[in-house]
Amino acid sequence: MQRHQPAWLAGPLPVPVTLTELDAYLPCERTPMLADAEDAFRAWLDKTFEGSLKSDLATDRVFWASAMRRVFAPWFYALPLARGIAHHHESDEIVCLDSTWPGASTLESLVDVAGGRFRGRRRARLHPPWVLHVGAHTGANLLAAFAVRSLEFLREARSRRHLASRQAEQPEATPDVWIGLIGEWPRTCRHIVESVGSAVREHDRTLGVLLHGSFSPGSAQVDVDASRGPFPALDHPLVQDRLVALEQCVAIERAPELVRHLSETTIATMRVGWRLARSSPRLSLGPIAVDLRRELRGLSRLATFDLMRAREAEVATTALLRRRDFRGSRIVWPHASVANVVVPDLMLQRAGGETLDLVHGALAEPMDFVTHARTHSSSSVWWTESEVGYVRPYIGRQRAVGGYVPRALSRCSPQSRTTSSNRPLRVLVVSNYATPTLALAGAFSRECYQDALLDAVREATSALPVVVRWRPHPYDDRSRVDLSLRGWSGTAPLELSSNPDGLQAELGWADAVVASVSSSIVEALLHPVALFVHDIPLHERDVLMSMFDVRRRFSNAAELTTRFAAFVAAREARDSRQLEPEQFLRRAVFGETGRPRDLATLLWDEPRPNLLGSDRPGA
């Protein structure tokens, strides 16, 4: 796109120049490349956090996702890109202008071995001695963690009173299924409330809630009314109608125990900090070289905040297991990855419960689930069969099942809508390119694809009578959305979706959907719409993108224009095969029925496996 080109391309150039997206160098399949780095990372976690917990839980499991989120995910994601660039240019001269890119050291070593030349822009920095640097950061974060936790404990008085009153009302109740909720954050738990809550109501079962992640009262969202109680997530009708037991596995409830916990955490943190200080600031994880000096803020928070909360979750879950027997129970988590959720997950498994991680979204990159989104629940529950197929080699002993969509989806049969000649075609654009991306080490590193997507829609619909409506992801940065709106120059105006009933209502309105890869694709399959998927080099082509029919996949405006015109022609001709690609895709993601599975069969009809035993890998 010309408006994104650098100014120096406008005039004659002394040498030929080729520009491409940097993501074009990414290999088509990346997750297997991480195996050696994963093994080294597991060993580093075990060594660094050995003995830091009160129990003998596997520390590599407890701290895996937290460490990835705090420090290591960008370095893991940089490895395939460094290898892709080296594969094509290992004997060339490579100049890297970004001194902060985590893949620079890996790329430099690959190029040096092959006889090429690597030049990077390096910042000259004076660092204090590593021991002092680690000590200062760890000490400061430990004091901050104690201050934050002490203030939280004072705020949690309302939570403790509410919990005690609810427990007094139903002291002996045994629910048919438990769900984990973050009481102050309704949105992050919506998918299990809608899915498990609906199944509980439909089958006349009872529900228990385990508060986890946070015991703070109030709301983490300004648009939620917290006046009804300290935990807005409990206010949903599907929870209120069937709730018979309320417990928590995250917080210490008595001040003397909290004081003892903080003093013991100080000793554990000092041990972890001492191991870090004695190690080299240049950490080698197989093919990945991590400069820990650049990550000291996240590293010190991992050794203080995350360790403190993991140990507190141990204390809280131990108290929970004294109050209740979880043998034979099923517990459904909204996502069990960070340390203070992994701890109760593993402890409940040891106590005889079966934990199920009901994945929040669909069609994420396989690399996500071996890095910052890794879980260790008994079972992982996926929206689609396709995802189970491509993550199963990477999740060890964890059982994976697919086809369970945790949304209030359309009940309509996905058949073609009647074509009306007196109204324009309705096109819905669904995107998620302006959402901050943790794993890619860039606040808005996918933003360039947003304009590419809209440009393709503009060209594909320019000669057609259409209404174009755009629904960005709810977490997309609004300023970046507005910027793209102002740049729209299509013959039809671009309407920003404002339907209060959400995506399902928009899908009920649309005739065709043009989407980036996200959960919205799975939801769109339950509607009679043509579905065009934006194929960008960021995605693993041989794994994720291979499930989509080439007739519905596009990389640029020319491809979308051709494929969209073919659909419009088939629709106007009343061709019964106009939605054939969507029919094939439904069977690929849901099985031969082409419909999502009933979650109730997973919760109550399937036999419970024997899950007692060690949480150590291979045990």
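The values are calculated or read from the model by the stated rules, or taken from the named source; none is laboratory data. Source: prediction; values computed, not measured. So basically every Cβ, Gly included, is an ideal-geometry build from the backbone, and we count neighbours across all protein chains shown. Accessible surface areas use protein heavy atoms only, side chains included; no ligands, DNA or RNA. Shrake-Rupley method; radii C 1.70, N 1.55, O 1.52, S 1.80 Å.
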Can you figure out the FRET efficiency of L132 with R486, using R₀ = 51 Å and their beta-carbon distance, to the nearest 0.05? 0.55
Would you kindly work out the equivalent ellipsoid of the range 472-619 from its C-alpha gyration tensor and give its semi-axes, the square roots of five times the eigenvalues, largest first in whole Å? 34, 22, 18
What is the calculated FRET efficiency for R392 to V550, with r their C-beta to C-beta distance and R₀ = 22 Å, to the nearest 0.05? 0.30
Carbon and sulfur: what percent of the chain's accessible surface (1.4 Å probe)? 52
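For the chain, what class follows from the C-alpha gyration tensor (a ≥ b ≥ c being the square roots of its eigenvalues): rounded when a/c is under 1.5, otherwise prolate if a/b is larger than b/c, else oblate? Show your work: numbers first, answer last.
Numbers: a/c = 1.90, a/b = 1.16, b/c = 1.64.
It comes out oblate by the Cα gyration axes.
Can you tell me the accessible area per residue over the range 524-615, all protein chains present, probe 1.4 angstrom, in square angstrom?
Values: 4150 Å² over 92 residues.
That works out to 45 Å² for each residue.
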Residue-normalised accessible area of the range 84-123, expressed per residue, 1.4 Å probe, Å²: 62
Inter-site label distance for W509 and D92 at 7 Å from Cα along Cβ, in nm: 4.6
Report relative contact order for the range 475-619 in percent, whole number only (criteria: Cα-Cα under 8 Å, sequence separation at least 6). 14
Give me the base-10 log of I(q)/I(0) for the range 1-135 at each q in 0.09, 0.12, 0.17 Å⁻¹, Debye formula, one uniform scatterer per Cα, rounded to two decimals. -0.42, -0.70, -1.12
Amide H neighbours of F532 under 5 Å, at least 5 residues apart or on other chains, H built in the peptide plane: list them. V513, V514, A515
Sites A168 and D112 - FRET efficiency at Förster radius 51 Å, r taken between beta-carbons, to 0.05: 0.15
For the chain, what is the percent of antiparallel DSSP beta bridges, rounded to the nearest 5? 10
Given backbone amide H placed at 1.01 Å from N, residues whose amide H is under 5 Å from that of I94, ignoring those fewer than 5 places away on the same chain, are R117, F118, R119
Restricting to the range 422-551, what percent of DSSP beta bridges are antiparallel, rounded to 5? 5
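Considering Cα pairs under 8 angstrom that are at least six residues apart, work out the relative contact order of the chain and quote it in whole percent. Walk me through the intermediate numbers first.
Numbers: 1035 pairs, mean separation 93.5, N = 619.
Dividing the mean separation by the residue count of the chain yields 15 percent.
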Report, by chain and number, residues whose modeled amide H sits under 5 Å from the one on R330, excluding near sequence neighbours (fewer than 5 apart, same chain). W178, E354
What's the ranking of 360-371, 482-493 by average number of surrounding C-beta atoms within 10 Å, highest first? 360-371, 482-493
Neighbours of R117 by Cβ distance under 13 Å: Lys/Arg at +1, Asp/Glu at -1, summed charge -4
